[in-house]
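Bear in mind that the values in this text are calculations on the coordinates, not laboratory data. In this text, all values refer to a predicted model and were calculated from it rather than measured experimentally. Ideal geometry is used to build each Cβ from the backbone, glycine not excepted, and the neighbour counts take in all protein chains shown.
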Amino acid sequence: MFATLVQQYTLAINDGSIPNIESSWQYICREENSKAQAYAEEVFLAQMRAMRSKMPMEQSPLSVEFKSAKEWGLQEFQKRAIGDDF
């Protein structure tokens, strides 16, 4: 993240403008939250793929497994997400 922030400042200075700290922070948040989302989706999908061996499955246990995978993915996202706008 720090390297990205430095790069944004360097580009702004080289263009002859003053670095905008807020827009740089928003950019970093967007990039990091995008990575966090991708990781959370992979965590969710990995848990769902692990259920293939249990198929076929009744609706109720499937719903429980789905909810668990969703919550686990959300927790992983929240661990990695930064900023206030996620």
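Which GluC sites (Glu not before Pro) from region 22-75 combine a DSSP loop assignment with at most 15 other Cβ atoms within 10 Å?
Loop-located and lightly packed - E58.
What aspartates and glutamates sit close enough to K35 to cross-link, taking a C-alpha to C-alpha distance under 17 Å and skipping anything fewer than 8 places away on the same chain?
Cross-link targets: E76, D84, D85.
Could you work out the relative contact order of the chain, using alpha carbon pairs under 8 angstrom and six or more residues apart, expressed as a whole percent?
Computed over the chain, the figure is 37 percent.
Could you give the radius of gyration (one decimal) and Dmax (whole number) of the Cα atoms in the chain, in Å?
19.2, 63
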